[in-house]
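Participant: Input: one structure, supplied below.
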Amino acid sequence: MTPTTQPEPPGQLSHGQRRARRTVIRAGIGMLLLLLLGTLLAGRPWNAPWWPGRTEVAAVPDPCGVLDEPARRLLPGVIPARDPWERVLVKQEVCEAKNEAATLRLGYERWQWGHLKSPQSGEAAARDRLQSLVDPNHGQRWEPVPGLGSDAYRNNSTVLVRDANVIVRVAYIDTRRQSAGAAAEAEHLARAAVAAIRH
């Protein structure tokens, strides 16, 4: 006697249909996982500030707080004014004090990891930015300043410093002072501005 197959109850999938459905679902989940893994690797999460071992700065100090004492000393009666702005991957805080004879300016640029748009670390982005600023092809001569931040350069009374993912910019122009004195004041302010950054 040959065994007979029982007919499937009406409205239910056959055994073959159920198996095909499971195969399609597994393939869909597998493709989704591969896509998610590819996106994750493309974003290079090991460059993110939350990744273990990263030492990037999450916030910068108020530049006007740092500029307050030098402004009172160098430009008496002038109140520093703040000028914050932000664009993709970089946040800049700038403070400036000026009168008819002198300008004192301090700025912090904090570079950030940008996931897919710019998967490099904020520190690498800041390093690239500083190198582009001091590139000799731009027609200016920048001299290294030893013992200041991770990298530092000076051009007359303008000082650029990188500390981790932050670029500090200091400029002091004073028609009443000799350039050597202005350069020394700019470097002194740059050292104070870097010291105010907390990791």
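What follows is calculated from the coordinates using simple rules that are stated; it is not laboratory data. This structure is a prediction, so every number in the text was calculated from the model and none was measured. Glycine also receives a Cβ, built like all others from the backbone with ideal geometry; neighbour counts cover every protein chain displayed.
Participant: Please give the residues of segment 175-191, grouped as numeric ranges, whose backbone N is less than 15 Å from a label point set 7 Å along the Cα-to-Cβ vector of Glu143.
Facilitator: Inside the label zone: 179-188.
Participant: Going 7 Å from the Cα of Arg73 along its beta-carbon direction, which residues of segment 148-186 have the amide nitrogen within less than 11 Å of the resulting point?
Facilitator: Those under the cut-off are 185-186.
Participant: Let's test the formula: R0 of 41 Å, r as the Cβ-Cβ distance of Arg129 and Glu100. What FRET efficiency results, to the nearest 0.05?
Facilitator: Efficiency at R0 = 41 Å is approximately 0.80.
Participant: What are the ³J(HN,Hα) values, in whole Hz, obtained from phi via the Karplus relation 6.51 cos²θ - 1.76 cosθ + 1.60 with θ = phi - 60°, for each residue of segment 67-80 in sequence order, with x given for Gly and Pro?
Facilitator: Result, ordered by residue: 7, 4, 5, x, 5, 5, 6, 8, 10, x, x, 8, 9, x Hz.
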